[in-house]
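Read the structure below first, then the notes.
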Amino acid sequence: MTEPAGSLTLLVTSPRVAAGLLTRDAWDVLSRADRVLAIDLDDPTPAALVSSGIEVEALVAEPDSLARDLAQSALSSRTVWVGSPDADPGLTDALAAELTRLPDPPEVEVLVASWDVPGARLLDAVAVMDQLRSPGGCPWDAEQTHESLTKYLLEEAHETVEAIEVGDREHLAEELGDVLLQVLFHARIAAEHPEAPFDVDDVAAGLVGKLVRRHPHVFADGDASSPEDVERAWEQIKADEKPTRDAADLLAGIPASLPLPLVVDKVRARVRRQGGDPALDVRLEQLTEDSRVGTARGWEQLRALLDERA
């Protein structure tokens, strides 16, 4: 049996990475190829290759015919097939069937030319949310507002907490996805605002900026050697960012809709950072343990305690 004169390389790329950002191995194979083929030259990767000086031929056919053409080309030439964004459904099976019929099949290699970076699937989530909200998408999604989604944001947050408390890892992953959906949904709605729009990139940019600012011990020359040091620095930085907030007000910035036990927990933490108040701490703990106290009544009692302390 003679050695095949040609070869077939199936070039696989990630649609979530900028076209043309390929590995060195991929560029080496492309530069040595006799033929580079793709279905649509307007697809991102073929278009990037053409702009880089690689000659790419269009080869459009059904999977069975395409498999025959690729196998025949690979018998006599070094052939590279540039995979399509939809992963060429049916081509792999058709190609396997075609190659098994050949008495002397060419060498076939699958070469991964670009890899997803961490977080790349978030791009898919953003794209799906955009399609759901856009004309021709989902009628229910299209009519939602920030206000109509508020209850779902609260519900998903509580279900996530429940999954954590139960210790169900699979359920937790699902619930975190539901929380992420709410973030993407609200950001997509915000992008349509006629006067003050912002989008998911603005949300992410704001988050990155905040994390960098509030972690100077990681991203700058700050000093924090313990979790307590980090908390103190975080509160100080936050206070500097919001100078109009009354530092003496232990309830400042705490949303009224937050469940009372969480409100009390935040207040107790603030008191501890200010040096502590054992008597107040005991009374706050008693207030938390009183299950008969509703949110509104609990806020009244909490304010009374803090006013009395002042």
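A few points about this structure:
- Solvent-accessible area per residue in the chain equals 62 Å², computed with a 1.4 angstrom probe and all protein chains kept.
- Here the calculated FRET efficiency for Ser31 and Ala58, from their Cβ-Cβ distance with R0 = 25 Å, stands at 0.80, rounded to the nearest 0.05.
- Exposure ranking of Asp199, Asp43, Asp64 by accessible area [1.4 Å probe, largest first]: Asp64, Asp199, Asp43
- Local electrostatic count, Leu49, Cβ distance below 13 Å [Lys/Arg +1, Asp/Glu -1]: -4
- Rounded to the nearest 10 Å², the accessible area of Ser225 at probe 1.4 Å: 110
- Put a dot 7 Å past the Cα of Glu147, heading toward its Cβ, do the same for Ala248, and the two dots end up 3.8 nm apart.
- Listed by chain and number, the lysines whose C-alpha is less than 18 Å from the C-alpha of Lys210, apart from same-chain residues fewer than 8 away, are Lys238, Lys242.
- At the residue level, Asp116 shows approximately 70 square angstrom of accessible surface with a 1.4 angstrom probe and all protein chains present.
- Glu231 contributes about 100 Å² of solvent-accessible surface, heavy atoms of the protein only, 1.4 Å probe.
- Amide H contacts under 5 Å for Ser7, placed H, 5+ residues apart: Ser77, Arg78, Thr79
- Within a Gaussian network of the chain (alpha carbon springs, distance under 10 Å), most fluctuating of Ile189, Ile164, Ile254: Ile254
- Label-to-label distance, Asp116 versus Glu235, with points set 7 angstrom from Cα along the beta-carbon direction: 4.1 nm.
- Using just its DSSP H runs of length 4 or more, each adding -39500 (n - 2.57), the chain gives a mean residue ellipticity at 222 nm of -18000 deg cm²/dmol after division by all residues.
- Within a Gaussian network of the chain (alpha carbon springs, distance under 10 Å), most fluctuating of Leu180, Leu122, Leu102: Leu102
- Label zone at Leu21, where the point sits 7 Å out along the Cα-to-Cβ direction: region 119-134 residues whose backbone N lies under 14 Å: 119-124
- Neighbours of Val230 by Cβ distance under 11 Å: Lys/Arg scored +1, Asp/Glu scored -1, total -3.
- Antiparallel content of DSSP bridges confined to the chain, in %, to 5: 0
- Annotation: extensible slack from Ala204 through Asp168 equals 10.1 nm (criterion: 0.36 nm per residue apart, minus Cα-Cα distance).
- Ranked order, Val179, Val271 - accessible area, probe 1.4 Å, largest first: Val179, Val271
- Cα-based convex hull, region 32-91, per residue volume (Å³, whole number): 68
- A value for volume of the Cα convex hull per residue in Å³ was derived from the coordinates, and within the list (i) 133; (ii) 171; (iii) 239 it appears as (iii).
- Taking label positions 7 Å along the Cα-Cβ direction at both Glu109 and Leu176, the computed distance is 3.7 nm, reported to one decimal.
- Whole-number percent relative contact order across region 88-226, with pairs defined as alpha carbons under 8 Å at least 6 apart: 14
- Taking Val282, Val117, Val60 in turn, the Gaussian network model of the chain (Cα-Cα springs below 10 Å) assigns the largest fluctuation to Val282.
The values are calculated or read from the model by the stated rules, or taken from the named source; none is laboratory data. Because the structure is a prediction, the values reported are computed rather than measured. Neighbour counts are summed over all protein chains in view; Cβ atoms, including those assigned to glycine, are modelled from backbone coordinates with ideal geometry. Protein only, heavy atoms only, side chains kept; ligands, DNA and RNA dropped before computing areas. Shrake-Rupley method; radii C 1.70, N 1.55, O 1.52, S 1.80 Å.
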